[in-house]
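J.: I'd like to ask you about the structure that follows.
The values are calculated or read from the model by the stated rules, or taken from the named source; none is laboratory data. Everything quoted here is computed from the prediction, not taken from an experiment. Cβ placement follows ideal geometry from the backbone for every residue including glycine, while neighbour counts extend to all protein chains displayed.
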Amino acid sequence: MNQRSGIRQLVAAQEKAQAGRLVAASICAMIVSAAAVVLLGISAWFLTSSAIAGLAGSVVAMTFNYMVPSAMIRMLAILRTGGRYGERVIGHDAALHALAKLRPQLFDNITRADPAISLGLSSGETSTRLLQDVDAIQDRFVRLSAPWGAGAALLAGIILCAFASPVTALTVAAIGGVYILVAITLAKFATDKPGRDTRIAAGAFKHELTTLMAAAPELRAYGMTQQARDQILASANLYETAQRRLSIGSGWQSLCQTLAMAIAVVAVFVTAASQPAALIALALLGSIAVLDAAGTLIGTLSHKGSIDAAMERLEPLVAAPKDNTDAPVQPRIDIYGQYVLDTRGRLGIGGPSGSGKTTLVEQLMYLRPVVSGTIRLDGHDLGDVSPQQARALFSYAPQQAQFITGTVAQNLRLAAPKSSDEELWAALEDACLAQRLRLSSQGLDMPLGENARYLSGGERRRLGLARAYLRNAPFLVLDEPTEGLDGATEARIIERLDTRLKRTGQGLILISHRPAPLKLCNEIGIVSGRDALGRVEIHVPAQAENRSQTRVV
Amino acid sequence: MTATDIQSPDPASKEASRAAANWLSAATAPWKKRATLSAALVIADVVPAIGFAAGLGLALGAIVPALADPGAASVLKAVTPGAALAVGSLLLRGVLGQAATLSASHLSQSIKSALRGRLMSGVFSGKLSDSEAMAAAVEGVDALDGFITRFRPIKTAAVVSPLVLIAAAAVVSPFTAGILVFTLLPFVIGMALTGMAAAAESRRQFVAMERLSGLFLDRIRALPAILAFQSETQQSRQIARASDELARRTSKVLKVAFLSSAILEFFSALAVALVAVYCGFNLLRLLPFPAPDVLTLGQAFFLLALAPEVYQPMRRLAAAYHDRQAADSAVPHLQALEQAAPAAVTRSINLHHAPALTFDKVTITYGDAAPVISDFSLTVPTGRTIALIGASGTGKSSLIHLLLGLSPLSGGQILIDGEPLASGEDLSASIAYAGQAPMVIPGTLEDNIRIALPQASTRQIMEAAAKAGLRGDLARNIDERGGGLSGGERRRLGLARAFLKPAPILLLDEPTAHLDAASEQALLAIIKQASEGRTTLIATHSDAVAALADTVVELS
């Protein structure tokens, strides 16, 4: 791929934004590693020198300067502890800040995506991506400081060992370098692949679960529940095996590190044998500390496969950015040249179930994939109008309204953020829901639960209606607004809708198979199905043929 | 705001924590022996730890005399035994570490796999929402991984290993062992205090995490409304706020965790320094008090290399503490799924004639939501067809699921030919079913039809396919996502299954939803034929399908 993928661009932008913190974390990492190496080396040197001085008798011992080395040891211990704290806090802060920005950006991208994609997203799966997969990227930020730490450790170790002998220094440098190269190669097999497999297997496992849970009735009727369980457990097993391989892979890396340490111990004894004891001790513990620090770098590599897979899973959520500077279009709808509506128009749509009535109106608002060459808004083909321009024209009460988890007021203000409590009550009144809410002590602050589960089906429908009333858009679009309501309530709602439309001057598009609401309309269209191109076919009802002479309303 | 009904379990409250611990130990009880082995391998690490320290002491202790006496054998020869011991110990340490990893990860897979197997009945009970069931079966079980592989083995090791290492130090220098015991106490107290602070912070972080997760779930679900009302900016601001909140909370948790590990590191450095100072002055023979033991250089190195190892297991325990918290907070979700498992089927009802089906004052309630169906009564007479119509969410599917034992009956009863269906009695053997998205299994079209009656002959399958209007080669392969089948053909597959199974009850759930008018029309005669001689219940939005029924019942 020549072009950088969308998610990588977003992450790179965040890395740039967090550059200050990331540099600070890297500096801390260098301090930690260098201090750890020098600390261990000097401690060993100090102890050996003390012993030699002690053996030489109390006169030598009295003149032995133990103040400077012991002060250095204290300082290095503090530097190591403080530096580690700093590296972790600053590094994670950078990551957390970046992730906090990344999540709303991804959500924005989802809202701007093609509705065929965004409205097809499963909420569970997408939420998992926005939380867990974004979290996995955290490791990517945190590990950015590790190479600097390993580099500083290697440098400090080489300098320390050079005190013993240049050959020792070169040998330790070589062992450190070869260890890192071997570990990086090992990571490809031991952790990259299992890490990637783990994320992919997790996705497959979840997919299997969702599919088979949805098929539960069929499984039950045909006695296949046991088989489905086995199938799910088989894919769970693949997932668990990948997880196990990942942790075993990290284990091999640790083993590789211990092996490198053992080689370093032998190498130091062989190359520095003729040196003073204190310097051998210094080189010995210094080189062990170098490999310890390099191991930290290798540890961060074990997340690579998992991070890459997480980025790939996030990729589909990143849409091509669209500019939002769309000029408003005039409220003039032209459906196949058959129906031309402005805000004085009231179009009633009938037709059998499943014929495409809802599809037609939802295409107007870009809530369904749009078919070009059927509908024009303000003279432009619908396919050339942006979703934002199209949606601005309508206020929609669907058959099954969706609600956010929150209170009545929060849901109503989704449509009109600035409306007053009085306006909310007026809309509820018109939707015949005000009385029901007045009975609740919390009124507008009544919590609705997830997707308004505390309301009955009819109440949800009326709440959706009240919400649509509140938005000051040129057209009101209502899909079966009175379905499931008793005759008296239906009559009241229709009467108030009529009054409301006269007051607000809004146009109306109304889908219903009931005669009463359709009486509000001055034009009727019958949807009869879809043609081969997927276009909804709409025509004038037979008995109204005469009236349809004047199609412009 | 949106967290009003997102109840999160409080992982730190004492009773919850104790209940979670009890559940976890009961759930992992069958693997006790292997868990002990895992812990033993972690504890066994003290052997190479002592070996490495001894090797280092021996080797360095041998250098000074060797250097002091140039006539003696070369330094290399003098240090060989010690160096060999140190190198051997390092290798043993690596091997033991990997053995512990292998054992723990194998154990973890066994436990997770068995637990998922046990939770599966709950997954298919229909009592929990799909997302709840999925969260428990995937993430909930995963949360036990760190608990099994890290926290539990190190928990035992944190008590045993330091004592063994101190005992080893006591052999060489009882006074140094005394120093180590003495510093252990403040170390443990410090660990407990930071642990408590971390628990409080991580509880708040957990709540912030749940809130953000709930917010995402909710807003993606309500996306059509958000788009239609152009509320994207408003929603994305809310998500940014919750996202910032989570970052702040997480940052606090991490700061406490990092601070606590820094404090523990500092404590251990202090303790090591104390040992080093004692050893150093002992070697210099400059102790301001009468020396309790006289150390050689080798012994001093041994003690100094051993000292940090004493604190290592406890530092690892502190680092693994969040694994325990994660497991604790997963337990309530796992319990909910476990309890959702339906009562065992005691009797499978196999009817040979079309029965009269009666719903008698039936109420169906999922969790704490308002009842989907309440006090509903209806009789489907022998061999007749009733269509259930009404808007989505009025409980059409729930009634159909009820007959299959997939929705919770919270009031009333079901009668078969006037006889009440007792709990534990299962009707599904007598039911043929077709829905709007018939399941497709990997295999041929014939295999896919056969699932309705495994013992059916090819001739029977061909007849069923012909009745359902499925044309073409029965031996053609179909992939799992239904590749090779059109929407209409997929419905026909469901109906072919219903034809094949000679069951006296037929349940159809939206058999023509999302089909175009022509395809629906083509299915009507087939549905009619499938319902002949069977007691049939159809849930549908379609007027044309409803017209096939003897009676139409509207739910509201």
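J.: Just one of the numbered conditions (1) surrounded by 21 or more Cβ atoms within 10 Å (Cβ to Cβ); (2) part of a helix (DSSP H, G or I) is not true of B:P308; which one?
T.: Failing condition for B:P308: (1).
J.: Here is a further query. With the requirement that a residue be in contact with a strand residue (DSSP E or B) (Cβ under 9 Å, 6 or more places away or on another chain), at pLDDT below 90 and within 14 Å of chain B (Cβ to nearest Cβ), what does the stretch A:502-542 give you?
T.: Of everything in the stretch A:502-542, those that are in contact with a strand residue (DSSP E or B) (Cβ under 9 Å, 6 or more places away or on another chain), at pLDDT below 90 and within 14 Å of chain B (Cβ to nearest Cβ) turn out to be A:S512, A:H513, A:I526, A:V527, A:S528, A:G529, A:R530, A:D531, A:V536, A:E537, A:I538, A:H539.
J.: To continue, here is another question. If you check B:G117 against the conditions, is it assigned by TED's automatic domain parsing to the domain that holds B:I148 and farther than 30 Å from A:A221 by Cβ? Quick ask: steps written out before the conclusion?
T.: Details: assigned by TED's automatic domain parsing to the domain that holds B:I148: yes; farther than 30 Å from A:A221 by Cβ: no.
The answer is no for B:G117.
J.: Testing B:F147 on (1) more than 9 Å from chain A (Cβ to nearest Cβ); (2) surrounded by 21 or more Cβ atoms within 10 Å (Cβ to Cβ); (3) out of contact with any Lys or Arg (no Cβ under 8 Å at 6 or more places or on another chain), one condition comes back false. Which one is that?
T.: Here B:F147 meets the rest and fails (3).
J.: Taking the options A:G356, A:G337, A:G351, name whichever one is under 30 Å from B:T540 (Cα atoms), at pLDDT below 85 and more than 40 Å from the chain's Cα centre (by Cα).
T.: Working: A:G356 fails: more than 40 Å from the chain's Cα centre (by Cα); A:G337 fails: under 30 Å from B:T540 (Cα atoms).
Result of the check over A:G356, A:G337, A:G351: A:G351.
J.: Hey, another quick one. Mind checking which helices (runs of 4 or more DSSP H) fall wholly inside the stretch A:391-442 and carry at least 1 residues that are polar (S, T, N, Q) and more than 13 Å from A:Y469 (Cα to Cα)?
T.: Working: elements: A:408-412, A:421-430, A:434-439.
Where helices (runs of 4 or more DSSP H) fall fully within the stretch A:391-442 and carry at least 1 residues being polar (S, T, N, Q) and more than 13 Å from A:Y469 (Cα to Cα), they are A:408-412, A:434-439.
J.: Among the polar types (S, T, N, Q) and either outside the structural domain of B:L495 (by TED's automatic domain parsing) or assigned to a helix (DSSP H, G or I) (or both) - does that describe any residue in the stretch B:391-405? Outline the logic, then answer.
T.: Let us first name the residues in the stretch B:391-405 that are among the polar types (S, T, N, Q), namely B:392, B:394, B:397-398.
Add one more test, that the residue is either outside the structural domain of B:L495 (by TED's automatic domain parsing) or assigned to a helix (DSSP H, G or I) (or both), and what stays is B:397-398.
Within the stretch B:391-405 (the criterion being among the polar types (S, T, N, Q) and either outside the structural domain of B:L495 (by TED's automatic domain parsing) or assigned to a helix (DSSP H, G or I) (or both)), the answer is yes, since at least one residue qualifies.
J.: Name the residues in the stretch B:237-280 that are among the aromatic types (F, W, Y), more than 8 Å from chain A (Cβ to nearest Cβ) and free of Cβ contacts under 8 Å to residues at least 60 places away in the same chain, would you?
T.: Result: no residue meets the conditions.
J.: Here's another thing I want to ask about it. Would you call A:A310 out of contact with any Gly (no Cβ under 6 Å at 6 or more places or on another chain) and crowded, with 24+ Cβ neighbours inside 10 Å?
T.: On the way: out of contact with any Gly (no Cβ under 6 Å at 6 or more places or on another chain): yes; crowded, with 24+ Cβ neighbours inside 10 Å: yes.
Considered against the rule, which asks whether it is out of contact with any Gly (no Cβ under 6 Å at 6 or more places or on another chain) and crowded, with 24+ Cβ neighbours inside 10 Å, A:A310 comes out as yes.
J.: Quick one: would you say B:T458 is of a type in the set (V, I, T), more than 22 Å from B:L403 (Cβ to Cβ), out of contact with any helix residue (DSSP H, G or I) (no Cβ under 8 Å at 6 or more places or on another chain) and assigned by TED's automatic domain parsing to the domain that holds B:F359? First the steps, then the outcome.
T.: Numbers: of a type in the set (V, I, T): yes; more than 22 Å from B:L403 (Cβ to Cβ): yes; out of contact with any helix residue (DSSP H, G or I) (no Cβ under 8 Å at 6 or more places or on another chain): no; assigned by TED's automatic domain parsing to the domain that holds B:F359: yes.
No, not satisfied.
J.: Next up: Working carefully through the options B:F229, B:F206, find the one that is closer than 27 Å to A:N411 by Cα, more than 7 Å from chain A (Cβ to nearest Cβ) and not basic (K, R). Let's see the steps before the verdict.
T.: Details: B:F229 fails: more than 7 Å from chain A (Cβ to nearest Cβ).
Result: B:F206 is the single residue among B:F229, B:F206 that is closer than 27 Å to A:N411 by Cα, more than 7 Å from chain A (Cβ to nearest Cβ) and not basic (K, R).
J.: Next question. Need the failing condition index for A:T111 against (1) surrounded by fewer than 23 Cβ atoms within 10 Å (Cβ to Cβ); (2) more than 23 Å from A:L297 (Cβ to Cβ); (3) facing another protein chain (nearest Cβ under 7 Å); (4) in contact (Cβ under 8 Å) with a residue 24 or more places away in the chain, just the number.
T.: Against the list (1) surrounded by fewer than 23 Cβ atoms within 10 Å (Cβ to Cβ); (2) more than 23 Å from A:L297 (Cβ to Cβ); (3) facing another protein chain (nearest Cβ under 7 Å); (4) in contact (Cβ under 8 Å) with a residue 24 or more places away in the chain, A:T111 comes up short only on (4).
J.: With the requirement that a residue be more than 14 Å from chain B (Cβ to nearest Cβ), in a loop (DSSP other than H, G, I, E, B) and more than 12 Å from A:V536 (Cβ to Cβ), what does the stretch A:361-384 give you?
T.: Hits for the stretch A:361-384 are A:S372, A:G373, A:D378, A:G379.
J.: State the number of residues belonging to the stretch B:153-181 that are under 23 Å from B:A35 (Cα atoms) and of a type outside the set (A, V, I, L, M).
T.: If we filter the stretch B:153-181 for residues that are under 23 Å from B:A35 (Cα atoms), which is where we start, we get B:153-165.
Okay, now just the ones that are also of a type outside the set (A, V, I, L, M), so B:153, B:155-156, B:161-162.
Of the residues in that region, 5 qualify.
J.: Please go through the stretch A:244-273 and give me each residue that is polar (S, T, N, Q) and facing another protein chain (nearest Cβ under 7 Å), ordered by number. Full working, then the answer.
T.: From the stretch A:244-273, those polar (S, T, N, Q) are A:247, A:250, A:253-254, A:257-258, A:271; that's our starting set.
Those that are polar (S, T, N, Q) and facing another protein chain (nearest Cβ under 7 Å): A:S247, A:S254, A:T258.
J.: Moving to a separate point now. Scanning the stretch B:87-128 for residues that are outside any helix (DSSP H, G or I) and not hydrophobic (A, V, I, L, M, F, W, C), which turns out farthest from the other protein chains (Cβ to nearest Cβ)? Please lay out each step first, then the result.
T.: Start the filter on the stretch B:87-128 by keeping residues that are outside any helix (DSSP H, G or I), which leaves B:124-128.
Remaining after also requiring not hydrophobic (A, V, I, L, M, F, W, C): B:125-127.
On the way: B:S125: 9, B:G126: 6, B:K127: 11 Å.
Per the criteria, the residue is B:K127.
J.: I need the full set of residues from the stretch A:64-108 which are within 9 Å of chain B (Cβ to nearest Cβ) and of a type in the set (V, I, T), in order please.
T.: Answer for the stretch A:64-108, where residues must be within 9 Å of chain B (Cβ to nearest Cβ) and of a type in the set (V, I, T): A:I73, A:I78, A:T81, A:V89.
Per-residue answers, yes or no, for (1) crowded, with 17+ Cβ neighbours inside 10 Å; (2) touching a helix residue (DSSP H, G or I) at 6+ places or on another chain (Cβ under 6 Å); (3) of a type in the set (S, T, N, Q); (4) within 11 Å of chain B (Cβ to nearest Cβ):
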position	(1), (2), (3), (4)
A:F189	no, no, no, no
A:D192	yes, yes, no, no
A:R196	yes, yes, no, no
A:L212	yes, yes, no, yes
A:A221	yes, yes, no, yes
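J.: While we're looking at this one, here's another question. For B:E210, all conditions in the list (1) closer than 22 Å to A:E450 by Cα; (2) surrounded by fewer than 18 Cβ atoms within 10 Å (Cβ to Cβ); (3) without any contact (Cβ under 8 Å) to a residue 40 or more places away in the chain hold save one; what is the number of the exception?
T.: (3)
J.: Here is a further query. Of (1) in contact with a His (Cβ under 9 Å, 6 or more places away or on another chain); (2) exposed (fewer than 15 other Cβ atoms within 10 Å of the Cβ), A:V68 satisfies all except one. Which?
T.: (1)
J.: Pick from B:L474, B:L500: which is within 10 Å of chain A (Cβ to nearest Cβ) and either surrounded by 17 or more Cβ atoms within 10 Å (Cβ to Cβ) or not aromatic (F, W, Y) (or both)?
T.: Details: B:L474 fails: within 10 Å of chain A (Cβ to nearest Cβ).
Answer to the check: B:L500.
J.: Shifting gears a bit: Which is touching a residue at least 40 places away in the same chain (Cβ under 8 Å), surrounded by fewer than 23 Cβ atoms within 10 Å (Cβ to Cβ) and facing another protein chain (nearest Cβ under 9 Å), of A:E423, A:E450? If you could, list the steps in order and put the result at the bottom.
T.: Values: A:E423 fails: facing another protein chain (nearest Cβ under 9 Å).
Being touching a residue at least 40 places away in the same chain (Cβ under 8 Å), surrounded by fewer than 23 Cβ atoms within 10 Å (Cβ to Cβ) and facing another protein chain (nearest Cβ under 9 Å) holds for just one of A:E423, A:E450, which is A:E450.
J.: Go through (1) hydrophobic (A, V, I, L, M, F, W, C); (2) within 30 Å of the chain's Cα centre (by Cα); (3) in a loop (DSSP other than H, G, I, E, B) and name the single condition B:L337 misses.
T.: Of (1) hydrophobic (A, V, I, L, M, F, W, C); (2) within 30 Å of the chain's Cα centre (by Cα); (3) in a loop (DSSP other than H, G, I, E, B), only one is false for B:L337: (3).
J.: Take the residues of the stretch B:503-534 that are assigned to a helix (DSSP H, G or I) and at pLDDT below 90: which is nearest to the other protein chains (Cβ to nearest Cβ)?
T.: Checked the stretch B:503-534; the qualifying residue nearest to the other protein chains (Cβ to nearest Cβ) is B:A517.
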